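Below is one structure; the comments refer to it alone.
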Amino acid sequence: MITLTRTGAAENVALIALNRPNALNALCRQLMQELSETLLKVEHDSSYNVIVLTGNEKAFAAGADIKEMAKLEFADVFQNDFFNNWDTLSHITKPVIAAVNGFALGGGTELALMCDIVYAGENAVFGQPEINIGTIPGLGGTQRWPRFTNKSIAMEICLTGDRLTAQNAKEVGLVSKIFPTQQLVSEAVILADKIAKNSPLIVKTVKNSVNSAYETSLNQGLQIEKQLFQSTFATNDRKEGMTAFAEKRGPKWAGN
Ligand code: HXC
């Protein structure tokens, strides 16, 4: 239900595709287990620098599998922790770019919210329709929307289940760029290549620092940033980057 393809100019981009087309990539337990395993495999393989997460042209993911969930009782989801590894994506330290074509509803939107950069195809549709089936977002929708946008937008999205077009999603700040559907994945890989050219060590440090902005007060965040900035002076890649600039040549990253 998941495909992993090595791509990019330097063959260091992992293209991970959700592949359950008959159900519009609905997130069933098996798909999420495979996604979690694939993400961890890529995270621990130093030959991959950046991840692009996508679906197909019709659907990124139409949400958690409603038919699978319909049978569950409270004890299944609480005691057996049914959704226990569904947030692996939010713990990945390599940059993750979402390339969203088609439906990204419920858990599909929430997967996009866990990514670092979201590119959308012109036909992308986002939304949190859980309210329409008697439940609420469970993969971060009620928490990330208000942090990434504002209370009014988050409430409207989660209380109505209304859908957002790619343009709406760009206006509220979820999506950074929109591309024609068929070009989307190659544009995401071009972006991945641009990021993958930098030192993986420093890329990881940037991601860590930006993410701390969502967890801290401004003063704590500025302190974390300062410490991380100072820590780059303990790396060979920082030395190489500045030396290469002074010597008017491109840097050669050692990754340490
Ligand atoms: C199970 C789904 C599904 C889903 C689509 N399918 N979405 N199956 N769970 N979330 C299946 C359909 O049953 C159908 O299977 C096939 O995919 C094609 O879907 P259609 O409905 O026929 O397609 P279309 O008419 O184009 O409508 C597309 C759609 C609609 C608007 C996306 O399928 C839809 O509303 N899906 C549900 C969206 C949703 O409510 N998502 C939130 C889920 S809750 P058959 O076998 O009939 O051909 C959630 C909570 C996350 O995500 C929290 C987790 C912790």
Review point. Which lysines does residue 67 reach when only Cα atoms under 28 Å apart count, and residues fewer than 8 places away in its own chain are ignored?
Key: 58
Revision key, fill the gap. One finds the C-alpha centres of the stretch 103-179 and the stretch 13-38 to be spaced, in Å, by 19
Practice item. Would you list which lysines come within 28 Å of residue 248, measuring only between C-alpha atoms, while excluding same-chain residues fewer than 8 positions from it? Key: 194, 197, 204, 207, 226, 239
Review point. How far, in degrees from 0 to 90, does helix 218-231 lean away from the longest principal axis of the Cα atoms of the chain, to the nearest 10?
Key: 40
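Over the stretch 1-84, with every protein chain in place, what whole percent of the accessible area is carbon and sulfur at 1.4 Å, could you tell me?
Working: 2240 of 4400 Å².
Carbon and sulfur: 51 percent of the exposed surface of the stretch 1-84.
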Study note, to complete from the structure: Label model pair residue 210, residue 122: point-to-point distance (7 angstrom along the Cα→beta-carbon line) in nm is 2.7
Practice item. Hey, for a label at residue 74 modelled as a point 7 Å past Cα toward Cβ, could you say which residues of the stretch 127-148 have their backbone N under 15 Å away? Key: none
Point to revise | lysines with Cα under 18 Å of residue 151, excluding same-chain neighbours fewer than 8 positions away | key: 170
Practice item. Per DSSP H run of n ≥ 4, the term is -39500 (n - 2.57); total these for the chain, divide by its residue number, and report the mean residue ellipticity at 222 nm rounded to 500 deg cm²/dmol. Key: -12500 deg cm²/dmol
**Study point:** Accessible surface, per residue, of the stretch 17-168 when the full set of protein chains is kept, probe 1.4 Å, Å²
**Key:** 46
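Mind ranking 6-13, 127-134 by how tightly packed they are, going by the mean number of other C-beta atoms within 10 angstrom, highest first? Let's see the in-between values first.
Numbers: 6-13: 16.1, 127-134: 17.9.
The peptides rank, most packed first, as 127-134, 6-13.
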Point to revise | Highest-fluctuation residue, 122, 215, 171 considered, GNM on the chain with Cα pairs under 10 Å | key: 215
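Please give the peptides 227-239, 94-106, 42-54 ranked by average Cβ packing (other Cβ atoms within 10 Å per residue), highest first, as a rough proxy for protection. Walk me through the numbers before you get to the answer.
Details: 227-239: 13.5, 94-106: 25.9, 42-54: 19.6.
Highest to lowest by the protection proxy: 94-106, 42-54, 227-239.
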Revision key, fill the gap. Distance in nm between residue 218 and residue 10 label points, each 7 Å along Cα→Cβ, equals 3.6
Check your understanding: Fully extended, how many nm does the chain gain between residue 44 and residue 231 (0.36 nm per residue separation, minus their Cα-Cα distance)?
Key -> 65.1 nm
Study note, to complete from the structure: Looks like the stretch 108-256, by Cα gyration tensor root eigenvalues a ≥ b ≥ c and the a/c under 1.5 rounded cutoff (else prolate when a/b is bigger than b/c, oblate otherwise), is oblate
Exercise for review: Keeping the other protein chains in place, figure out the carbon and sulfur percent of the accessible area of the stretch 92-202, with a 1.4 Å probe.
Suggested key: 55
Check your understanding: Between 167, 182, 220, which gets the highest mean-square fluctuation from a Gaussian network model of the chain, Cα cutoff 10 Å?
Key -> 220
Check your understanding: Once label points are set 7 Å from the Cα along Cα→Cβ at both residue 57 and residue 171, what is their separation, rounded to one decimal in nm?
Key -> 2.7
**Study point:** Choice from 74, 148, 126 with maximal GNM fluctuation in the chain (Cα, 10 Å cutoff)
**Key:** 74
**Study point:** Charged-residue dipole, Cβ positions (Lys, Arg, Asp, Glu), the chain about Cα centre, Debye nearest 20
**Key:** 800
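The values are calculated or read from the model by the stated rules, or taken from the named source; none is laboratory data. Fair warning: this is a prediction, and the values are worked out from it, not measured in the lab. So basically every Cβ, Gly included, is an ideal-geometry build from the backbone, and we count neighbours across all protein chains shown. For accessibility, only protein heavy atoms count, side chains too; no ligands or nucleic acids. Shrake-Rupley method; radii C 1.70, N 1.55, O 1.52, S 1.80 Å.
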